[in-house]
Amino acid sequence: MTTEIVVQEQNEIALNGPSAVEFEASLVEAQQKATAMKRMISAHDWSVNIGGNEHIKNEAWVTLAGAYGCTASIVSTERIPGYKQAFVATAEVLRQTPNGVVSIGRADAECGTDGDGRWESKQPAFAVRSMAQTRAISKAIASVFRWVVVLAGYHGTPAEEMDNVNKFDNNPRQEVITSSNNKSSDAQVNYLYNLGYADEEGPATELNKK
């Protein structure tokens, strides 16, 4: 009987949640944090335009989690059989509470599987493994704080999950071809090639410095 009462009280608390005043206050705070995030993202170039939408990078997701007293941690990373080099990683979002650290979000993400572009064969295994972890962290944080990102005016899907989607609606190269006085430097071109950028995506020498 005592157990039934406790369960009922807990369910009522879960259903009722914060009061209307508390809820409104939390929205005001979230909007303020979203505005601060937008300034930070703009200052550090932590977003990328994909298909006409702005998607934020892993650095922005991790910063957002920190603004709410949370961190993200990798739970596991494993090779996926049947591929040259593919990994699946699991990450969770952790929050410190009076009762200890609790997990409030969790997600899996792959890298190197079918359709993953340059990650399928043009990157070393350690880089593929690292990207699987990066995607998992961004995805886990997004599962908890996506709504704040949307408040800031960004798309709720992390940029790393959109890695192989054309960054521009009609012509993927239309906004990167530039005049000769703003050409990418030789060092930038070499850096792109070292990352696995291929000429079939458009000659790196035609990309601008940005």
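The values are calculated or read from the model by the stated rules, or taken from the named source; none is laboratory data. Since the structure is predicted, the reported quantities are computational estimates derived from the model, not experimental observations. Reconstructed Cβ throughout: ideal geometry from the backbone, glycine too, with neighbour counts over all protein chains shown. Just so you know, the surface numbers come from the protein's heavy atoms only, side chains and all, with ligands and any DNA or RNA stripped out. Shrake-Rupley method; radii C 1.70, N 1.55, O 1.52, S 1.80 Å.
A few points about this structure:
- When residues in segment 91-118 are screened for being within 20 Å of Ile56 (Cα to Cα) and open to solvent by less than 20 Å² (accessible area, probe 1.4 Å), 7 of them pass.
- Checking segment 125-135 against the condition returns a match, with at least one residue being modelled with pLDDT of 85 or more and under 21 Å from Met37 (Cβ atoms).
- Pairs where the first residue, in segment 118-131, is in a helix (DSSP H, G or I) and the second is open to solvent by 30 Å² or more (accessible area, probe 1.4 Å) and at pLDDT 95 or above, C-beta under 7 Å, 6+ apart: Trp119/Met131
- Residues satisfying the stated conditions in segment 82-112, i.e. over 19 Å from Leu64 (Cβ atoms) and either at pLDDT 95 or above or touching a helix residue (DSSP H, G or I) at 6+ places or on another chain (Cβ under 7 Å) (or both): Gln85, Ala86, Phe87, Val88, Ala89, Thr90, Asp108, Glu110, Cys111, Gly112
- Boolean, Arg95 is closer than 30 Å to Gln32 by Cα and either of a type in the set (Lys, Arg) or in contact with a Leu (Cβ under 6 Å, 6 or more places away or on another chain) (or both): yes
- Any hit, segment 26-49, residues being part of a helix (DSSP H, G or I), open to solvent by less than 60 Å² (accessible area, probe 1.4 Å), in contact with a Lys or Arg (Cβ under 7 Å, 6 or more places away or on another chain) and modelled with pLDDT under 95: no
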